[in-house]
1. Identify all residues within the stretch 172-192 that are out of contact with any Ser or Thr (no Cβ under 8 Å at 6 or more places or on another chain) and assigned to a loop (DSSP other than H, G, I, E, B); write none if there are none.
2. Scan (1) under 25 Å from Val252 (Cα atoms); (2) within 15 Å of ligand 2 (Cβ to nearest atom); (3) hydrophobic (A, V, I, L, M, F, W, C) for the single condition Val179 breaks and write down its number.
3. Of the conditions (1) part of a loop (DSSP other than H, G, I, E, B); (2) out of contact with any Lys or Arg (no Cβ under 8 Å at 6 or more places or on another chain); (3) more than 10 Å from ligand 1 (Cβ to nearest atom), Ala116 clears all except one; give me its number.
4. Suppose we filter Leu299, Leu238 for residues that are closer than 24 Å to Thr174 by Cβ, in contact with a strand residue (DSSP E or B) (Cβ under 6 Å, 6 or more places away or on another chain) and buried (at least 17 other Cβ atoms within 10 Å of the Cβ); which single one remains?
5. Looking at the stretch 139-151, I want the residues that are modelled with pLDDT under 95 and have a partner that is near ligand 1 (Cβ under 6 Å from one of its atoms) and part of a helix (DSSP H, G or I) with Cβ atoms under 6 Å, at least 6 apart or on another chain. Which pairs are those?
6. Only one residue in Ser172, Ser187, Ser146 is in contact with a helix residue (DSSP H, G or I) (Cβ under 9 Å, 6 or more places away or on another chain) and either at positive phi or within 16 Å of ligand 2 (Cβ to nearest atom) (or both), so which one is that?
7. Could you say which residue among Leu345, Leu368, Leu323 is in contact with a helix residue (DSSP H, G or I) (Cβ under 7 Å, 6 or more places away or on another chain) and either assigned to a helix (DSSP H, G or I) or among the polar types (S, T, N, Q) (or both)?
8. Just one of (1) surrounded by 14 or more Cβ atoms within 10 Å (Cβ to Cβ); (2) in contact (Cβ under 8 Å) with a residue 24 or more places away in the chain; (3) closer than 21 Å to Ala111 by Cβ trips up Arg14, so point out which.
Amino acid sequence: MANILVIDDNLTNRETYADILEGEGHTVLSAGSGEEGLAKLTAAAMDAVLCDLKLPNLDGLATMELAHEKHGPLPWILITGHGNEETAVAAIKQGAFNYLTKPVDLSRLKATVESAVRMASANRENKALRRELGYEEALDRIVGTSAAIRAVKAIIRQVAKTDATVLIEGESGTGKELVADAVHALSNRSGRPYVKINTAAIPHDLLESELFGHERGAFTGAVQLKKGKFEIADTGTLFLDEIGEMPLDSQVKLLRVLQDGSFARVGGNVPIATDVRMVCATNRNLKSEVLASRFRMDLYFRLNVVSITVPPLRERREDITLLARAFLERLNRRHNQNKELADGLVQHLRRQDWPGNVRELENYIEKLYVLTPGKVITNDPPGAADERPTSPLGNYRPNVERLSANDSNAAPSADEAIRALIGLPVDEVEKRLILATLSHFMGNKSKAARQLQIGVKTLYRKLIEYGVQVPGEEETESPPGSAQRPAP
Ligand SMILES: Nc1ncnc2c1ncn2[C@@H]1O[C@H](COP(=O)(O)OP(=O)(O)OP(=O)(O)O)[C@@H](O)[C@H]1O
Ligand SMILES: [Mg+2]
């Protein structure tokens, strides 16, 4: 039936309660002190606790409080001495399920335990139900019914429950983060911490202290002890985004942590055990990075236990309609309006290549939405003449494959985009290309630089030349070489 823990320092009492409850078909564990009771709660899942209020050392109330903190709300039945009703009422205020007074009436004992067990099982069912709803929610947030997206969801369902490391690959804006979120939400760790860290957004010098924390005085500026993401994520999930950007020396340290199951804070040498489920994402092809010696092969194998590849939007065009409608609905809710997408617009959207994938589509719909004064959103709202997908260059990407491919559906075509530039000085074209690429990558300078095949430093220099201040620059990124270096 149920698992009941009996805590009482009096052996005869323990045996009496155990006899009665076992007679009712329950399994009974006994403890002679609060401390022993807590240890038993840690070792096995209980449905209810019957606990004497007066215990040596840790009394019944303190034991209950500690147990609630550690194991959540279990129904506690406290047994008080005669004339101690006031304490009993106080105990209920502190979260006890009920109390019994000595000498304990055995039929009341049975009835009280019975209702405690019923409540515990109702709580459990609610929790399971809520978790199930949470699952569905996390998967529903990934909009799409293409075979590719269904396959992605199927893998998520399959692997979430395991503790296997998951590597998510896919172009920028394909929804890798949504996939990572769902892996955590569907896992047994869903009630535990979920910590995200974006490797590309953190200066290399500070990455290790972000991951592993640092001791006070570990380096100039380390004025106090700081816990790292591994420590904060303990018992939960750690999402390492843009893992492909991790410098090789940090890769070595990460590998060691995965192998040893422990780490030390920067500037410290005490090993801290870690129980973290790792989910990583990258928009690079990690295998090629390994071949190019930019990513350690041993770490690649460690991370790539399960791999999920999120395909680019142009390879699942059937999702475009659903996605566009989902974004429209969200905007309608947000603005409390009731706009619609013109059929022609939907057709148009389905013909685009969306090099920035779902993110680009989302931004584009939002732009049209805001620019459309009326109810029906078309591709040409007033003022949007030059507002083709996200950048002044439209879908144009300097990509030989694309130029030669049969791209008659893409608008504006590469040819058109190039023609629009005729008459501009080369410097101006370069400036437009750089700014457009940067805006395409939502201000992410390392990605923009990579796409442009120039160094990040060069990109910074050019931005300074153009007098461009990218929002959030001070908080998230700083020019290479400007970061504080941990003291050796
Ligand atoms: N299948 C989808 N359904 C609904 N929204 C999506 C989907 N895929 C992506 N999005 C939305 O697109 C945007 C980009 O998604 P996300 O941040 O997960 O992409 P990403 O692959 O991590 O990109 P990057 O590599 O640039 O970090 C987010 O606003 C996300 O909510
Ligand atoms: Mg991402």
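The values are calculated or read from the model by the stated rules, or taken from the named source; none is laboratory data. None of the values given here were measured: they were computed from a predicted structure. Methodologically, a virtual Cβ is constructed for each residue, glycine included, from the backbone with ideal geometry; neighbour enumeration extends over all protein chains shown.
1. Passing the criteria: Ser172, Gly173, Thr174, Gly175, Leu186, Asn188, Ser190, Gly191.
2. Tallying (1) under 25 Å from Val252 (Cα atoms); (2) within 15 Å of ligand 2 (Cβ to nearest atom); (3) hydrophobic (A, V, I, L, M, F, W, C), Val179 fails exactly one: (1).
3. Looking at each condition in turn, Ala116 falls short on (1).
4. Leu238
5. Arg141/Leu178
6. Result of the check over Ser172, Ser187, Ser146: Ser172.
7. The conditions single out Leu323.
8. Result: Arg14 fails condition (2) only.
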